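To start, the structure under review is shown below, and the notes come after it.
Bear in mind that the values in this text are calculations on the coordinates, not laboratory data. Please read all numbers here as calculations on a predicted model, not as lab measurements. FYI the Cβ positions are ideal-geometry reconstructions off the backbone, even for glycines, and counts take in every protein chain you see.
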Amino acid sequence: MYGGFGKGKKCVSDKTVSEIHKITTSDIRKAINRNIVRFKEYVDFIDLKRSSRNDDLISSLGYSKQQVIQAEHIYILSERGYAKLIKIMDTDLAWEVHDKLIDEYFQMREEKEIKFNELSPMLRTLINLELRQKEQESKINAIGEKVESIKDVVALSPNNWRKETANLINKAA
C-alpha cells in the first residue's frame, strides 16, 4: 500500500496545505473531518492532537501554543492523504494539482507499457500466459464454490429434507 509515514516518505501539515491553497486551516480540517471515513489513519493522516503528542514536533511545524490549545485536530497528511484531500477541495489550485497527478499517472502507465513492449516476445508470452492462468484459477475456484453449494442441496436426506432445507436457508440468510 502506498502512502504512510516514515523514513523517505513525504508529508505535509494541514497548516502548510492551508497556506498553499490560501484557505483557512479550519476549513482544511473541516474538509478532512467531513470525509474522515475516506482517509486511513497512519496511512493518509495522523492527528497529532490524538496520537501520542509531541509538543516539540507540533511547534516545529509552526503551530503557536494558542493554535494548539484551540485546535481540536492537527493533521499531517502523507502524499496519499494530500491527494485525497485535493479530490474533495474545490479550488483552482486543487484542480491544477489534481490534473498534474492525473498526467503523472498516465505518463507512468504509458512508460510501463513501453517497457513491457520492449521485452522479448517469449517473455511477453510467458507473462500473458501466467496472467491467463491466474484468471482461469479464479474462475475454477468460483465454479468449485458453486459445486459445493449444489452438493449441500443435493445431499439432503429424504427423511429430513424439510429441516435441512430450512437450516440451509437460515445459513444463507
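Things to note:
- Point-to-point label distance, Asn128-Asn141, nm (Cα→Cβ direction, 7 Å offset): 2.5 nm
- Helix runs (DSSP H) in the chain reaching 15 Å along axis by Cα, Kyte-Doolittle at least 1.0: none
- Using the Cβ-Cβ distance between Ser120 and Ile20 with R0 set to 35 Å, the FRET efficiency from 1/(1 + (r/R0)^6) comes to roughly 0.15.
- Identified option (computed mean projected area of the Cα convex hull in nm²; candidates (i) 17.9; (ii) 10.9; (iii) 13.4): (i)
- Computed label-point distance, nm, for sites Phe5 and Lys49 using a 7 Å Cα→Cβ extension: 1.5 nm
- Between amide H atoms placed 1.01 Å from N, distances below 5 Å from Cys11 occur with no residue 5 or more places distant or on a separate chain.
- Residue-span extension gain [Asp56 to Asp90] - 0.36 nm each, minus C-alpha spacing: 9.0 nm
- Once backbone amide H atoms are built at 1.01 Å from N, Lys49 has Ile74 as its partners under 5 Å, excluding neighbours fewer than 5 places away on the same chain.
- Helical content of the chain, expressed as a calculated mean residue ellipticity at 222 nm, amounts to -21000 deg cm²/dmol (DSSP H runs of 4 or more residues, -39,500 (n - 2.57) each, divided by residue number, nearest 500).
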